[in-house]
1. Would you mind getting the accessible area per residue of the chain, heavy atoms of the protein chains only, 1.4 Å probe, in Å²?
2. Would you tell me the accessible area of ARG126, worked out with a 1.4 angstrom probe on the heavy atoms of the protein chains, in Å² to the nearest 10?
3. Using Cα-Cα distances under 8 Å and only pairs 6 or more residues apart, what relative contact order does the chain have, in percent?
4. Measure up LYS26/LYS96; LYS93/LYS120; LYS60/LYS187; LYS45/LYS187; LYS142/LYS207; LYS96/LYS187 against 31 Å on the Cα-Cα distance and list the ones that go over.
5. Nearest-5 percent of antiparallel DSSP beta bridges in region 83-207?
6. As a test question: what accessible area, to the nearest 10 Å², does ASP99 have when a 1.4 Å probe is rolled over all protein chains in place?
7. Once you put a point 7 Å from the Cα of ALA113 and another 7 Å from the Cα of ASP74, both along the Cβ direction, what distance in nm separates them?
8. What is the spin-label model distance, in nm, from GLU61 to GLU183 if the labels are put 7 Å beyond Cα along the C-beta direction?
Amino acid sequence: MKQKITFLAVSLLIGYQLLYAAPDVKSFVDGKRTNFSTLSHKKAKGLNMTISYPEGWVAKEGEKPNVVQKFVSDGGGGLEMSTIIVKSLPVPKDTKLTDDDLQEFFSDDNLKAMAPEGAKIFNSKRTKVEGLSGAMIEYLAKAERLGMVAEMYNLNYCFIYESNFVSVNFSVNGLPDSKIKIEDRIKDFRPIFLAMANTISIPDKWK
């Protein structure tokens, strides 16, 4: 019953935000989406996870070792992105973490350490992802590349499944001296990030 109430609350929240959302957000919720599975992916470390992303986004292979896949808006050329990261924990594969272990792992200090130094953290807390112990952190930070500085917004959901640390990160990247405020982009895309996060599924968990 509690799980149904939580799902209903999330659905109502997303539904309310859809009243003011961008058209591609509404199309995603209406079913115009593409499904992705990490099953058999060489970087997934055995994790079988599925997630849906908007029809107009493009799935790309991650360049870094632990980045399984990334999904980029605007046909692959946009400034909005979702990234799946899977890291093996430094424990034996069959180790079962206790509640105390998980509480320490997702402590306030450890969550804040996930954000870059100087980041403005809006929200960080423990939560459940697919019924698994996890956390979320939301922040705004400065990003520098090739001598240019721009703002970057991140909404990160992370959890532990078996011996893997899984992070599903959603981001909006600003442009230096852009007339388009990153706050407006966040307002447009945060609802779709929440809708995407709500599609995360771990099929093996329910076997």
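1. Per-residue accessible area for the chain comes out at 59 Å².
2. Surface accessible to solvent at ARG126 totals approximately 110 Å².
3. Numbers: 365 pairs, mean separation 41.4, N = 207.
Reported as a whole number, the value is 20 percent.
4. Details: LYS26/LYS96 40 Å; LYS93/LYS120 36 Å; LYS60/LYS187 25 Å; LYS45/LYS187 34 Å; LYS142/LYS207 43 Å; LYS96/LYS187 39 Å.
Beyond 31 Å: LYS26/LYS96; LYS93/LYS120; LYS45/LYS187; LYS142/LYS207; LYS96/LYS187.
5. 100 percent
6. So the heavy atoms of ASP99 present about 120 Å² to solvent.
7. A separation of 3.6 nm, rounded to one decimal place.
8. That separation, rounded to one decimal, is 4.2 nm.
The values are calculated or read from the model by the stated rules, or taken from the named source; none is laboratory data. A quick note: this is a predicted structure, and the numbers were derived from the prediction, not measured. Virtual Cβ from ideal backbone geometry, glycine too; neighbours counted across all protein chains shown. Protein only, heavy atoms only, side chains kept; ligands, DNA and RNA dropped before computing areas. Shrake-Rupley method; radii C 1.70, N 1.55, O 1.52, S 1.80 Å.
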